[in-house]
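**Student:** Quick one: the structure is below, and I'll ask about it shortly.
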Amino acid sequence: MVYSEKAAKWVLSFPLLLFWVVMVVFPAGYAIYLSLHDVSMGQGMSSFSGFGNYLEILRDADFWHSIGFTLEFALITTVLELVFGFLLALLFNRSFPGKRPLLSMVLLPIMVAPSLMGIMFRLILNENNGVATYFLSLLHIQVNLFDPDLVVPLMIVLDIMQWVPFTFLIIYSGLQGVDPGLYEAASVDGASYWRTVLQIILPVIAPIFFIAAFLRGIDAFRTFDVIYVLTNGGPGNITKTASIYIYEAAFKSGQIGQAASASVIVAVFLLLLIPFFVKRLSK
């Protein structure tokens with residue numbers, strides 16, 4: 001009986017273990033293997049280079065710029081998306097006419113593929129015949145939204161427009177689980193609505209907030225699609241994220257080994273942050 005139970009555990013967990021090995025362990029191991037070799041697109045596998053690729057990446061100012069921009073972008077967008085998502089959740093956490101169709105409209109952006117969203121934004125913001133450019137011209141505003149001084153705020157705004165529904169959905173589900181008695185008790189004690197929200201409701205849903213921040217922060221750090229479609233990392237390298245840097249190193253420069261090294265460095269950086277988040281979530 002004991003033997004059959006142990007066998008059943010392995011049999012039932014085998015599909016998940018196989019998926020994990022094929023989709024996580026093997027790609028990670030192969031990336032580390034490539035990072036230790038001089039591999040290029042045209043010449044294929046070459047000699048063992050040790051940590052040579054890592055030294056090249058760490059000496060590249062463009063790599064550090066991409067990491068800095070990615071951190072800044074991820075931090076700003078995650079914080080703002082949490083704030084706007086929370087405000088939207090508070091709005092929808094009450095009954096009002098037209099709530100259901102409006103809720104469906106709010107969730108539309110996260111149902112669109114990021115690359116397709118990038119193409120849509122590109123058409124809307126086109127400086128020659130874009131809809132946004134047209135309406136700005138009606139107001140006698142002549143501005144290039146992809147100007148170096150405006151492109152980073154523009155990328156942040158577009159990311160917020162796309163991913164606020166994601167944080168909203170998580171926080172809204174948390175608010176749905178709050179005991180209505182808390183609102184009633186606070187009202188009896190004479191607490192205002194915002195005092196109730198900030199001092200009672202917010203601490204209750206803090207774990208939900210933290211989960212939303214964790215998921216959205218990791219996703220924002222690996223942003224690629226929309227920014228690449230809109231700016232290709234430019235002007236210059238102003239909006240080049242770590243993902244775009246790795247992509248260009250692999251498929252434009254053809255330096256597969258260096259791209260793998262950059263991927264490993266970014267992965268290690270993220271792995272160092274995960275224990276902190278897991279510890280907070282456990283608490």
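**Student:** Would you kindly identify the helices (runs of 4 or more DSSP H) lying entirely within region 108-215 that contain at least 2 residues that are hydroxyl-bearing (Ser, Thr, Tyr) and modelled with pLDDT under 85?
**Tutor:** Filter on region 108-215 gives 131-138, 180-188, 193-196.
**Student:** If the Cβ limit is 8 Å and pairs must be 6+ apart or interchain, which residue in region 70-87 that is within 9 Å of Ala220 (Cα to Cα) pairs with which residue that is surrounded by 21 or more Cβ atoms within 10 Å (Cβ to Cβ) and of a type in the set (Ser, Thr, Tyr)?
**Tutor:** Pairs found: Thr70/Thr223; Thr70/Thr241; Thr70/Ser243; Phe73/Thr223; Phe73/Thr241; Ala74/Thr223.
**Student:** Then there is this: Are there any pairs, at least 6 apart or on different chains, whose C-beta atoms fall under 8 Å, with the first in region 210-224 and among the hydroxyl-bearing types (Ser, Thr, Tyr) and the second part of a loop (DSSP other than H, G, I, E, B), and if so, which?
**Tutor:** As it stands, the answer is Thr223/Thr241, since those pairs meet every condition given.
**Student:** Among the residues that make up region 220-238, is at least one of them part of a helix (DSSP H, G or I), of a type in the set (Val, Ile, Thr), closer than 26 Å to Leu91 by Cα and open to solvent by less than 40 Å² (accessible area, probe 1.4 Å)?
**Tutor:** no
**Student:** A follow-up question, please. Asp62 - would you say it is farther than 30 Å from Ile156 by Cα and touching a residue at least 24 places away in the same chain (Cβ under 8 Å)?
**Tutor:** Judged against the criteria, Asp62 is not a match.
**Student:** Here's another thing I want to ask about it. Hey, among Ile274, Ile218, which residue is under 25 Å from Gln162 (Cβ atoms) and modelled with pLDDT under 85?
**Tutor:** When all the criteria are applied, what remains is Ile274.
**Student:** Given the conditions (1) open to solvent by 70 Å² or more (accessible area, probe 1.4 Å); (2) free of Cβ contacts under 8 Å to residues at least 12 places away in the same chain; (3) over 24 Å from Ile76 (Cα atoms), which single one is not true for Ala185?
**Tutor:** Unmet condition: (1).
**Student:** Checking Arg94 against (1) outside any helix (DSSP H, G or I); (2) under 30 Å from His37 (Cα atoms), which test does it fail?
**Tutor:** (2)
**Student:** Could we say that Pro275 is in a helix (DSSP H, G or I), open to solvent by 70 Å² or more (accessible area, probe 1.4 Å) and touching a residue at least 60 places away in the same chain (Cβ under 8 Å) here?
**Tutor:** No: the conditions fail for Pro275.
**Student:** Looking only at residues in region 82-132 that are among the charged types (D, E, K, R) and within 20 Å of Tyr193 (Cβ to Cβ), which one is surrounded by the fewest Cβ atoms within 10 Å (Cβ to Cβ)?
**Tutor:** Arg94
**Student:** Given (1) open to solvent by less than 40 Å² (accessible area, probe 1.4 Å); (2) touching a Pro at 6+ places or on another chain (Cβ under 6 Å), where does Pro148 come up short, assuming only one miss?
**Tutor:** (1)
**Student:** Being among the small types (Gly, Ala, Ser) and crowded, with 17+ Cβ neighbours inside 10 Å is the filter here, so list the residues in region 203-219 that pass it.
**Tutor:** Within region 203-219, Ala212, Ala213, Gly217 meet the criteria.
The values are calculated or read from the model by the stated rules, or taken from the named source; none is laboratory data. Keep in mind the model is a prediction, meaning the values are calculated, not measured. Please note: Cβ atoms are built from the backbone with ideal geometry, for glycine as well, and neighbour counts cover all protein chains shown. Areas reflect the complete protein model, heavy atoms only, side chains present, ligands, DNA and RNA absent. Shrake-Rupley method; radii C 1.70, N 1.55, O 1.52, S 1.80 Å.
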